[in-house]
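The structure appears below as structure tokens.
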Amino acid sequence: MKNISKEDYLSAIYKLRDEAGEIKPNLIAENLEISPAAVTDMLKKLSVDGFVQYKKYKGIKLTSKGEKYAVNMIRKHRLWETFLYKTLNMPWEKIHDEAEKLEHSSSDELVDKLEEFLNYPKFDPHGYPIPDKSGLLPKHKPVIALSELNKNDKGIIARISDFKSELLLYATRQGLTIGQKISVKEKLEFDGSVLIKTSSNEVSLSKKIASNIFIQKDD
């Protein structure tokens with residue numbers, strides 16, 4: 001059974017809220033690859049400790065205490081990912097797991113130094129915004145899941161979910177990168193899959209994959 005820490009849960013809730021709005025336990029379970037029962041047990045503990053507001057069959061909300069804790073962990077994680085990718089040239093499908101280990105053992109002082117060394121980056125290699133020392137996120141245009149776009153919609157790839165290394169490896173093989181312009185050529189009502197066009201080729205994506213790629217849509 002996977003050993004998921006309190007920090008992992010709070011970080012997952014923070015990230016999923018940004019991408020999916022209201023958070024339900026099954027969504028956390030799916031992304032952390034654990035059982036819904038395990039998620040429910042941890043949510044009860046986090047609620048008692050004052051990190052989340054949680055009632056059965058209702059959405060989950062971070063308290064101010066939980067928000068502060070999650071933002072600090074997210075900041076550490078995304079700065080370590082940036083370091084591993086830009087400084088050590090690690091592939092972007094491998095940096096998430098390594099950063100997960102480093103974030104838990106890093107002091108705030110070390111992370112402040114890391115941020116300074118990296119010249120205060122605003123976004124990590126997967127397109128996620130990096131909170132500053134005060135917990136503030138850089139200004140950025142809103143994103144929408146590729147699965148929510150319609151035929152002929154256009155935009156740029158702003159973010160690709162880093163929960164699954166397999167997704168990032170697949171994106172690499174298909175030539176999909178952050179900042180790339182795309183347009184939706186087809187969208188099948190039957191299964192929600194989409195056909196997108198990039199500057200170099202056309203790529204067919206399942207609804208599940210498209211729901212983990214986020215677009216800044218053209219006005």
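The values are calculated or read from the model by the stated rules, or taken from the named source; none is laboratory data. Quick caveat, the model's predicted, so the values are computed rather than measured. Counting neighbours? That spans all protein chains shown, and the Cβs are built from the backbone with ideal geometry, glycine included. Ligands, DNA and RNA are stripped out before the accessible areas are found, and what is left, the full protein with its side chains, is counted by its heavy atoms. Shrake-Rupley method; radii C 1.70, N 1.55, O 1.52, S 1.80 Å.
Across the accessible surface of the chain, with the other protein chains kept in place and a 1.4 Å probe, carbon and sulfur atoms take up 51 percent. Dipole of the range 36-105 (Lys/Arg Cβ +1, Asp/Glu Cβ -1, origin at the Cα centre): which of Ile95, Val48, Met73 lies farthest to the positive side? The residue sitting most towards the positive pole is Val48.
Taking 0.36 nm per residue of separation and subtracting the current Cα-Cα distance, fully stretching the chain between Ser105 and Lys133 would add 8.3 nm. Would you please classify the overall shape of the range 137-219 from the alpha carbon gyration tensor, given that a ≥ b ≥ c denote the square roots of the eigenvalues, rounded means a/c under 1.5, and beyond that prolate means a/b larger than b/c while oblate covers the rest? Rounded, since a/c falls under 1.5.
Treating the angle as unsigned and between 0 and 90°, give the value, to the nearest 10°, between the Cα long axis of helix 64-82 and the longest Cα principal axis of the chain. In the chain, helix 64-82 runs at an angle near 60 degrees to the longest axis.
Relative to the current alpha-carbon distance between Ser35 and Lys208, full extension at 0.36 nm per residue lengthens the span by 60.3 nm.
Considering only protein heavy atoms, what per residue accessible area in square angstrom results for the chain with a 1.4 angstrom probe?
In whole numbers, the chain has 56 Å² accessible per residue.
Between the listed residues Thr63, His104, Val203, the Cα displaced farthest toward the positive end of the dipole of the chain, a dipole computed from Cβ unit charges relative to the Cα centre, is found at Thr63. Normalising the average separation of contacting C-alpha pairs (under 8 angstrom, six or more residues apart) by the number of residues puts the relative contact order of the chain at 16 percent.
Expressed as a whole percent, how much of the Cα-Cα distance distribution for the chain exceeds 27 Å? More than 27 Å apart: 36 percent of the Cα pairs in the chain.
Do the alpha carbons of any pairs in Lys6/Lys197; Lys45/Lys187; Lys86/Lys197; Lys44/Lys187; Lys139/Lys185 sit beyond 32 Å of each other, and which pairs? The pairs that break the limit, which is 32 Å between Cα atoms, are Lys6/Lys197; Lys45/Lys187; Lys44/Lys187.
The long axis of helix 108-117 is offset from the longest Cα principal axis of the chain by roughly 30 degrees. FRET efficiency for the Asp97 to Asp191 pair, using the beta carbon distance and R₀ = 22 Å, is estimated at 0.15. At an R0 of 25 angstrom, the distance between the Cβ atoms of Asn89 and Tyr170 translates into a FRET efficiency of 0.75.
Rounded, prolate or oblate: which fits the range 1-98 when a ≥ b ≥ c are the square roots of the eigenvalues of the alpha-carbon gyration tensor, with rounded for a/c under 1.5 and prolate only if a/b beats b/c?
prolate
Remark: the chain carries a charge dipole of roughly 520 debye about the Cα centre, counting +1 on each Lys and Arg Cβ and -1 on each Asp and Glu Cβ.
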